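The structure appears below as structure tokens.
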Amino acid sequence: MELSFFNSLTFFGVSLALISILVFLLLLIAIPGFFIWLSLALIGKRRPLLKCGFANLIAFISSAFLTFILSFSPLIILSPLIFVLIYLWVFKELLDLGWSDAILAMVISVVFVMLLSAVFSLSFSAFFKPAWLPNFRF
């Protein structure tokens, strides 16, 4: 009796962990893909949302891997530039964009993310006082 209870508990835990990982991966693809999709829509290029997300994920993974490999060479000084160039090239190739469209889409999506983070920062700072802030009345 105890063995079957622990087996079912283990099965439940493993299945819950797998579902959580799947949901996390979908969010990891969909959220950045939404900002890229929105920026591409603003410049007049229509691409599917999931394709934008997968292109972003593949571009990030491939540029991070190649930059990691190059970090063992004297090119480590240029690694941020190499990272951005590889990222843009993979992004451009996967979404069938030109260089100017890829750069413009990346700049617009970064602006969207920065604006969203500023809005969240301002909204949360209105409710939560940082510990380092003295006791002032607002």
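Descriptive notes on the structure:
- Modelled FRET efficiency - R0 35 Å, residue 16 with residue 64, Cβ distances, 0.05 increments: 0.75
- Taking 12 Å as the cut-off, the amide N atoms of the range 53-72 that come nearer than this to a point 7 Å along the Cα-to-beta-carbon line of residue 79 belong to 64-72.
- The range 24-86 has equivalent-ellipsoid semi-axes of 28, 14, 7 Å, by the square roots of 5 times the alpha carbon gyration tensor eigenvalues, sorted largest first.
- When the Cα atoms of the range 31-127 are aligned to their principal axes, the ranges along those axes come out at 47, 34, 21 Å in descending order.
No lab work stands behind these numbers, since they all come straight from the coordinates. Computed from a predicted structure; not experimentally measured. All Cβ positions, glycine included, derive from the backbone under ideal geometry; neighbour counts span all protein chains shown.
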